[in-house]
1. Taking the Cβ-Cβ separation of Q3 and I31 as r and a Förster radius of 25 Å, what is the calculated FRET efficiency to the nearest 0.05?
2. Pop a pseudo-label 7 angstrom from the Cα along the beta-carbon direction at both S52 and A16 and give the gap in nm to one decimal.
Amino acid sequence: MSQELPENVLHAIIAAAVNAVIDEPFRIVSIEPANRSNSVWNIHGRLQQFDSHRLR
């Protein structure tokens, strides 16, 4: 079942996730929909970048 979230709820979820990961002040400047034509290499590189960052 696919349901669309209201935009303000989606923004609140994203802000909460960022706040949970980053322990310092931040500002979300823009939110853009994902481009569905991302290549596998692009996604793989992004995953490697996230894996290299460890939370302390």
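1. 0.85
2. Here the answer is 3.2 nm between the modelled labels.
Read-outs: derived from the displayed coordinates by stated rules, not from any lab. The structure displayed is predicted, hence computed values, not measured ones. Note: ideal-geometry Cβ built from the backbone for every residue, glycine included; neighbour counts use all protein chains shown.
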